[in-house]
Amino acid sequence: MNDTNYDEALVPDVELPPLLRLADGSPVADADTWREQRRPQLLALFAQQVYGQTPVQNLPLHLETLEETALPGGALRRQLRLLIDGAHSVHLLLWIPRQRPAPLFLGLNFNGNHTTHPDPGILAPSGDRAARGSSAGRWPVEDILARGYGLATLCCDDLYPDRVDGRADSVQRLFEAPGDEGGAWGAVATWAWGLSRALDALLQTGDCGPVALIGHSRLGKTALWAAARDERFALVVSNNSGCAGAALSRRRFGETLAAINTRFPHWFCRNFRAWNEREDELPLDQHMLLALAAPRPLYVASASEDLWADPRGEFLATLAASPVWQLLGHEGLPVREQPAPDTAVAGRVGYHLRRGGHDITVWDWERYLDFADAQLR
Ligand code: GCU
């Protein structure tokens, strides 16, 4: 985008909408008011204005184990088919460590389960173009298993093909058409719905402990929205999620609402477009999305060269969300200034700025596993 701002000196003074005030202006001073009033208000706002309304209709889910392989050392690889309403299939790839039940990370992948690991036994969708193992660097399966965690992944395209006209081929076709077109759910909300169905499936298998959600970039935005809506997720990690993820929209640093809504109009609801270039009038900002994870553990990670995602805006949103953890009796983010690169900080809210570009690396994963050790074990 030609008019992208990467100059901190040009960032406007940002006044965030208050997190701990109800819509009528009264203060949110205790945990009950947060849980019973403020949290539902914010969930409704994000559904109306950003991600769209997820239908309440429950579709029947049928699980089939396609194959299971015992790996050397006692771990298991299992592949499941989730058949939704008898008409839409999604494949789930699951790695389970030797000691079970075990806590597990669940995350969507971009290009198919077979891209996340070179193992030739991983089923690939027919006619698929992406190469086997091509994104294996983002999924250090053996390290995760060695640390005693499971891993489950599914491809976002199985739920909603990531293209402007993907809706007709998405799982949305199984639902009744929404009454309000402006507030109809987009791809991010559909992917988030799919994460909850994957969780349904995992909970049916006896060998999964608490399920942590993880997502990179657009799938990090999705992980945050899924965790906000579904409190069964025990922990959430946002990796470089940027605009409409962890970054504050009002800063207009890097990707802006106009930029994201123009290039990816299918990700959000139509109402979101009304806020293009009107960020200051938005009744919400992304610190409020992060706060919807509370009191569960939240980790936000940025990368120093990933300016499009506004690393500083991601840190400031995390800091601004933190008082909700304190209100609920936990330590939030333990610092007030953005930490030096390659330094992890964590209370029940964690953050790091990895040196480097837009990616999820083994170093990032090590920090998430350390955080999960501290928070889930
Ligand atoms: C684009 C988009 C971002 C998104 C990213 C990704 O860069 O503008 O909002 O996070 O793709 O998903 O990799």
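What tally of residues in region 122-134 results from selecting those that are farther than 16 Å from Leu76 by Cβ and open to solvent by less than 30 Å² (accessible area, probe 1.4 Å)? So the count comes out to 2.
Restricting attention to region 262-307, the residues being open to solvent by 40 Å² or more (accessible area, probe 1.4 Å), within 16 Å of the ligand (Cβ to nearest atom), in a loop (DSSP other than H, G, I, E, B) and out of contact with any Gly (no Cβ under 8 Å at 6 or more places or on another chain) number 1.
Candidates Asp157, Asp165, Asp169: the one that is more than 22 Å from Leu82 (Cα to Cα) and either charged (D, E, K, R) or open to solvent by 70 Å² or more (accessible area, probe 1.4 Å) (or both) is Asp165. One residue stands out among those in region 103-120 that are surrounded by fewer than 20 Cβ atoms within 10 Å (Cβ to Cβ) and more than 18 Å from the chain's Cα centre (by Cα): the one that is farthest from the ligand (Cβ to nearest atom), which is Pro120. Of all residues in region 346-377, exactly one satisfies the criterion of being loosely packed, with under 15 Cβ neighbours inside 10 Å and of a type in the set (Val, Ile, Thr), namely Val362. Taken as a whole, the condition of being over 29 Å from Ile144 (Cα atoms), hydroxyl-bearing (Ser, Thr, Tyr) and either without any contact (Cβ under 8 Å) to a residue 40 or more places away in the chain or away from the ligand (no atom under 14 Å from the Cβ) (or both) does not apply to Thr256. Taken over region 202-253, the criterion of being of a type in the set (A, V, I, L, M, F, W, C), near the ligand (Cβ under 9 Å from one of its atoms) and within 21 Å of Trp95 (Cβ to Cβ) is satisfied by Leu219 alone. Is region 104-119 home to any residue that is more than 13 Å from Asp158 (Cα to Cα), modelled with pLDDT of 95 or more, of a type in the set (S, T, N, Q) and outside any loop (DSSP other than H, G, I, E, B)? Checked against the condition, which is being more than 13 Å from Asp158 (Cα to Cα), modelled with pLDDT of 95 or more, of a type in the set (S, T, N, Q) and outside any loop (DSSP other than H, G, I, E, B), region 104-119 yields at least one hit.
The values are calculated or read from the model by the stated rules, or taken from the named source; none is laboratory data. Since this is a predicted model, take the numbers as computed values, not measurements. Methodologically, a virtual Cβ is constructed for each residue, glycine included, from the backbone with ideal geometry; neighbour enumeration extends over all protein chains shown. What goes into the accessible areas is simple: the full protein's heavy atoms, side chains included, and nothing from ligands, DNA or RNA. Shrake-Rupley method; radii C 1.70, N 1.55, O 1.52, S 1.80 Å.
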